[in-house]
1. Can you pull the one-decimal nm distance between simple spin-label points at Asp92 and Phe107, each 7 Å off the Cα toward Cβ?
2. Could you line up Val228, Val29, Val238, Val212 from fewest to most neighbouring Cβ atoms inside 10 Å?
3. Of Glu219, Glu103, how do they rank once you tally other Cβ atoms within 10 Å and put the fewest first?
4. Work out, step by step, the length gained on full extension between Asp27 and Ser187: first 0.36 nm times the residue separation, then minus their alpha carbon distance; give nm to one decimal.
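Every read-out reported here was derived from the displayed coordinates using simple, explicitly stated rules and does not represent laboratory data. Every value quoted in this text rests on a predicted model; they were computed, and no experiment measured them. Cβ placement follows ideal geometry from the backbone for every residue including glycine, while neighbour counts extend to all protein chains displayed.
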Amino acid sequence: MDFNEYKVRLEIFEGPLDLLLYLIKKDEVDIHCISIERITRQYLDYINTFKLLNIDLASEFIVMAANLMYLKSRTLLPRIDQPPEEDAEEDDPRWELIRQLIEYKKFKDAAGFLCLRELEQENRFAHQADASDAPPIEEPATLAEVSIFDLIRAFQNVLKRFEESHDFGDIIDDRFTVSDKIELLLSHFTPGEVKRFEELFQSATTKAEVIVTFLALLELMKLNQFMVRQSELLGEIVIERRSNQSVAALEAAEVSSNYD
């Protein structure tokens with residue numbers, strides 16, 4: 001099976017504004033001082049990577065890409081040649097986007113604060129269940145918790161270093177399928193073992209194999225076999241294979257929730 005035929009279906013809860021905020025935080029710049037040229041280039045790099053991996057994207061991502069390219073084109077025009085805007089009171093075409101980002105960040109921060117308060121209340125009034133032999137369920141580090149944008153950034157870095165060190169061009173290697181790589185990754189990880197993200201790609205010999213390996217990792221995360229951890233924001237990503245007990249506990253919890 002060609003990796004181009006493999007369709008990735010992920011529950012991506014973050015939207016285009018989340019991606020823009022992520023890029024701003026990654027560059028450590030003030031939200032009022034964003035470079036439209038730089039952020040547009042980085043945003044399009046992410047969109048192209050999603051397309052390379054055949055990941056379905058919501059239409060909002062494409063709309064934002066078009067809007068960013070429009071804003072970039074406006075910043076390149078002399079002020080006298082700027083197109084008329086009915087609601088535009090400022091000369092800087094960035095301000096409407098900056099306002100959207102600031103308002104969105106306020107709501108995002110408020111939601112995060114309420115989530116923390118909810119967790120605090122759960123700890124304060126914890127239900128004392130009867131003792132049982134059931135294995136504890138590990139807190140999963142899902143795609144929503146360790147951002148998909150972090151994973152894509154790490155994948156982009158691996159792919160860039162691979163292309164710089166290998167002079168193969170765009171060679172397609174049909175030896176591996178996603179299923180093959182899933183089996184290979186499972187055989188290389190013992191339950192509970194942890195490895196750095198980059199180690200997953202050390203034996204890859206072609207660009208296609210790098211892509212298929214990453215797709216296999218995403219699939220294993222969806223299957224609750226692997227989880228990702230990050231010690232700090234934008235820090236190094238490590239991959240951990242779940243223990244057999246935690247996988248069984250998660251599967252039991254999912255079955256139970258389906259009946260509720």
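1. 2.4
2. Working: Val228 21, Val29 14, Val238 18, Val212 26.
Going from least to most buried by this count: Val29, Val238, Val228, Val212.
3. Details: Glu219 20, Glu103 11.
By the 10 Å Cβ count, ascending: Glu103, Glu219.
4. Details: separation 160, 0.36 × 160 = 57.60 nm, distance 3.74 nm.
53.9 nm is the gain from fully extending Asp27 to Ser187.
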